[in-house]
1. Could you give every pair whose Cβ atoms fall below 8 Å, whose first residue belongs to region 160-180 and is over 30 Å from residue 261 (Cα atoms), and whose second residue is among the basic types (Lys, Arg) and surrounded by fewer than 24 Cβ atoms within 10 Å (Cβ to Cβ), counting only separations of at least 6 or pairs across chains?
2. Of all residues being farther than 16 Å from residue 131 by Cβ, small (Gly, Ala, Ser) and out of contact with any Phe, Trp or Tyr (no Cβ under 7 Å at 6 or more places or on another chain) in region 169-184, which is surrounded by the fewest Cβ atoms within 10 Å (Cβ to Cβ)? Just the residue, please.
3. Do you know which residues across region 333-348 are in a loop (DSSP other than H, G, I, E, B) and either surrounded by fewer than 24 Cβ atoms within 10 Å (Cβ to Cβ) or within 9 Å of ligand 3 (Cβ to nearest atom) (or both)?
4. Restricting region 92-119 to residues that are open to solvent by 10 Å² or more (accessible area, probe 1.4 Å), in a helix (DSSP H, G or I) and in contact with a Ser or Thr (Cβ under 9 Å, 6 or more places away or on another chain), which is farthest from residue 39 (Cα to Cα)?
5. Do the conditions hold for residue 317, that is, is it surrounded by fewer than 23 Cβ atoms within 10 Å (Cβ to Cβ) and within 16 Å of ligand 2 (Cβ to nearest atom)?
6. What residue, of 237, 251, 287, 207, is farther than 20 Å from residue 321 by Cβ and touching a Pro at 6+ places or on another chain (Cβ under 7 Å)?
7. With the condition kept exactly as written, say whether any residue in region 458-473 is surrounded by fewer than 22 Cβ atoms within 10 Å (Cβ to Cβ), within 20 Å of the chain's Cα centre (by Cα) and more than 16 Å from ligand 3 (Cβ to nearest atom).
8. Which condition number in (1) touching a residue at least 40 places away in the same chain (Cβ under 8 Å); (2) among the β-branched types (Val, Ile, Thr); (3) not in a helix (DSSP H, G or I) is the one that residue 87 fails?
Amino acid sequence: MKVTTSGFLETGNIMVIPVFEGCNKAPNNATTNLNRSASIAVKSAFASDSFTGKLGESLSVWTKECQIILLGVGEKNDLTTKKSRDTGAKCFASLSKNHGTKIVIRYTTGWNVKNMAAFAEGMILRDYSFDKYQKKEDDKKGPWSLMCQTIERHQDALNSAVNRAYEIATGVHLARDLGNEPANKLYPEEFGKRALEWSKDKQNVEVEVWNYARLKEEGMYGLIEVGKGSIHKPCMVFFRLNPSANKDSEVPCIVGKGITFDSGGISIKGSAGMDEMKLDMHGSATVFGLFQALHATGYEGRINGITCMAENMPSAEAYRPGDVINTYSGKTIEVLNTDAEGRNVLADGLWKASELKPSYIIDLATLTGSIVVALGHEATGLFSNNKALSEKIQTAGDEVDEISWPMPLLPAFEKQMTSSKIADVRNQGKGRWGGASQAAGFLKQFVQEREDKEGKKSQIPWAHLDIAGTAGIWGGETNVTVGHGATGVQVRALHYLITQK
Ligand code: BES
Ligand code: ZN
Ligand code: ZN
């Protein structure tokens with residue numbers, strides 16, 4: 001989608017006029033450059049009782065030149081970026097290319113830049129489909145274009161906000177692409193290959209892939225044990241943006257769970273909905289998408305990413321309940337359930353991240369069904385050992401409307417997870433209650449401590465985002481910026497967190 005900003009010039013093929021409630025007369029500029037009959041039709045539509053501007057209301061006016069859509073966004077003072085973005089996304093989903101592909105949005109009186117940009121962002125985010133495996137007619141009509149029209153005073157600010165939204169959306173869409181890829185097409189090494197290809201033409205990016213042999217040399221048996229049951233062997237992928245910048249300062253490290261398919265392994269899952277487990281690498285997809293978004297927006301700081309890639313399959317070579325894993329950290333894990341595999345691979349990823357001397361670590365993982373029970377599809381579960389980091393993540397999420405909801409990291413859960421009779425930690429809690437907190441208590445064991453200048457030891461600031469409920473939409477309605485499948489969740493929030501000082 002090509003995105004531009006201008007004054008009230010062209011009318012496009014489809015003209016969208018978002019309108020506040022109670023507006024019973026065509027606002028200034030609504031009809032600029034429309035021919036006389038179109039202009040009369042629009043003015044009558046505004047004046048009619050059938051359109052009041054309530055949130056979600058829409059009225060189409062058909063003219064010879066273009067389809068004109070009056071779109072209600074509710075009371076002006078109640079408008080939020082979320083309402084704007086969602087209205088833009090829903091409107092986009094209803095459009096058809098039959099009338100042409102040039103969309104014009106006319107922001108008339110009363111719009112501020114933030115809400116205008118969010119409305120356009122909704123359209124940009126929704127302009128996505130995963131149809132590469134479907135036979136389709138040649139799309140002779142070509143891609144959409146989007147022209148945002150506003151008064152001159154707002155044009156520069158709107159132009160940069162919309163362009164930034166577009167650049168960030170390239171990362172969201174990449175994360176969705178990766179999440180939507182079926183597991184026979186996207187397996188651990190293929191993910192590594194795509195990351196290497198992505199880095200090729202980018203000077204300030206480095207990608208390194210540790211293959212199976214290297215994982216063995218390093219002793220990363222958290223990853224190896226989970227992935228060894230599959231013909232597609234595991235790997236660890238390192239992302240480095242601006243590796244030569246801020247050499248001496250500590251920088252963030254973002255870690256992703258990357259199970260390209262989670263069958264459960266020997267503790268196999270039921271068949272219902274198992275296809276969705278191709279999405280169990282969305283944590284890694286978000287890391288990759290985040291790096292794309294940071295690169296596209298020209299972020300100049302240094303940042304590291306680690307994705308832990310494996311396929312969890314049952315086979316003669318698969319790991320089993322009862323096995324003991326020697327992780328990279330030196331700690332051992334008693335496997336009680338092979339379906340609690342995400343935490344095993346993250347054990348190695350988090351320990352490796354700790355070695356990079358990070359300012360903080362954030363991991364993203366479709367980790368537990370339990371977080372979906374707690375928060376549904378509405379919010380990502382946020383666990384952290386550091387209040388300031390946790391608050392920053394919440395603020396970033398609120399800012400871009402990707403909510404992270406704080407969950408407690410209670411010592412009782414850590415105690416459960418460290419009470420194995422034969423190993424240092426166990427990969428399943430003692431019962432089913434608090435499953436997401438159990439998992440977080442497990443992960444915490446693999447975040448290193450460090451000393452401050454006075455020699456005082458404390459754990460590296462770390463946050464764990466359980467995105468099991470927010471990573472995908474299968475017939476759900478929660479995230480209207482997506483039609484179906486992977487959402488690309490947390491790319492926008494983490495981009496905001498990292499780029500806003
Ligand atoms: N990948 C799943 C969690 C999941 C569930 C993601 C639903 C997305 C949607 C994870 O590996 C898993 O199977 N977790 C188990 C852990 C249990 C065996 C301790 C769970 O949550 O049931
Ligand atoms: Zn699992
Ligand atoms: Zn899983």
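1. Filtered contacts from region 160-180: 161/114.
2. 171
3. Of everything in region 333-348, those that are in a loop (DSSP other than H, G, I, E, B) and either surrounded by fewer than 24 Cβ atoms within 10 Å (Cβ to Cβ) or within 9 Å of ligand 3 (Cβ to nearest atom) (or both) turn out to be 336, 337, 339, 340, 341.
4. To start, the set of residues in region 92-119 that are open to solvent by 10 Å² or more (accessible area, probe 1.4 Å) comprises 92-102, 108-115, 117.
Now narrow it down to the ones that are in a helix (DSSP H, G or I): 92-93, 97-99, 113-115, 117.
Narrowing further to those that are in contact with a Ser or Thr (Cβ under 9 Å, 6 or more places away or on another chain): 113-115, 117.
On the way: 113: 26, 114: 28, 115: 26, 117: 26 Å.
Applying the filter and picking the extreme gives 114.
5. Judged against the criteria, residue 317 is not a match.
6. 251
7. Checked region 458-473: at least one residue is surrounded by fewer than 22 Cβ atoms within 10 Å (Cβ to Cβ), within 20 Å of the chain's Cα centre (by Cα) and more than 16 Å from ligand 3 (Cβ to nearest atom).
8. Checking residue 87 against (1) touching a residue at least 40 places away in the same chain (Cβ under 8 Å); (2) among the β-branched types (Val, Ile, Thr); (3) not in a helix (DSSP H, G or I), the one that fails is (3).
The values are calculated or read from the model by the stated rules, or taken from the named source; none is laboratory data. This is a predicted model, so every value here is computed, not measured. Note that each Cβ is placed from the backbone with ideal geometry, even for glycine, and that neighbours are counted across all protein chains shown. These area figures cover heavy atoms from the full protein model, side chains too; ligands, DNA and RNA do not enter into them. Shrake-Rupley method; radii C 1.70, N 1.55, O 1.52, S 1.80 Å.
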